[in-house]
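In what follows, a single structure is set out as C-alpha cells and then discussed.
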Amino acid sequence: QVQLVESGGGLVQPGGSLRLSCAASGSIFSIYFMGWYRQAPGKQRELVAGLTSGNMTTYLNSVKGRFTISRNNAKDTVYLQMNSLTPADTAVYYCTTRSAAGSSWGQGTQVTVSS
C-alpha cells in the first residue's frame, strides 16, 4: 500500500500561483502513475494532471499551459505547479497513485482562488 501526504494548498488571488506537493511512502517501487484530481462543490472529481513512470504527462484542457506536474524521485514526491489561477480552479485537490497494489489517495488539500 502507498501512503500519500499532500501540502501546499491555500488562498490565492486570481492570477496567482501555488505549488502542491504530495509525498509518497510505503510500496512506492511499483507506482506507475501519479496524478492530481480536483473536486469542486457540486461537481464530479476530475483528473487535472497525470504523470506515468515513463514520463508521459496528461492535463485537463482547461489547465494546459498553466499547470505543470513533475516528480522528484529522490524525495518520492510529486508536485503540481499552478500558475495564472482563476476562481474556476477553486476545489479540493487530491493526489493519487496507481501501483501493483492498487490505487491510493491523499486526504485532499483546499485551493481557493478569490480576491
Filtering the range 1-23 for residues that are in contact with a strand residue (DSSP E or B) (Cβ under 7 Å, 6 or more places away or on another chain) and either assigned to a loop (DSSP other than H, G, I, E, B) or of a type in the set (A, V, I, L, M, F, W, C) (or both) leaves a count of 14
Go through the range 24-41 and report how many residues are open to solvent by 30 Å² or more (accessible area, probe 1.4 Å) and modelled with pLDDT of 95 or more.
2
Look through the range 53-84, keep the residues that are surrounded by 15 or more Cβ atoms within 10 Å (Cβ to Cβ) and within 16 Å of S99 (Cβ to Cβ), and return whichever of them is farthest from the chain's Cα centre (by Cα).
D76
Residues located in the range 100-114, provided they are open to solvent by 10 Å² or more (accessible area, probe 1.4 Å) and in contact with a helix residue (DSSP H, G or I) (Cβ under 8 Å, 6 or more places away or on another chain)
A100, A101, S114
Among the residues of the range 24-34, are any more than 16 Å from T112 (Cβ to Cβ), under 11 Å from the mean Cα position of the chain (by Cα) and of a type in the set (G, A, S)?
no
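The values are calculated or read from the model by the stated rules, or taken from the named source; none is laboratory data. The model shown is predicted, which means the values in this text are computed figures rather than measured ones. Virtual Cβ from ideal backbone geometry, glycine too; neighbours counted across all protein chains shown. The accessibility values were calculated without ligands, DNA or RNA, using every heavy atom of the protein model including side chains. Shrake-Rupley method; radii C 1.70, N 1.55, O 1.52, S 1.80 Å.
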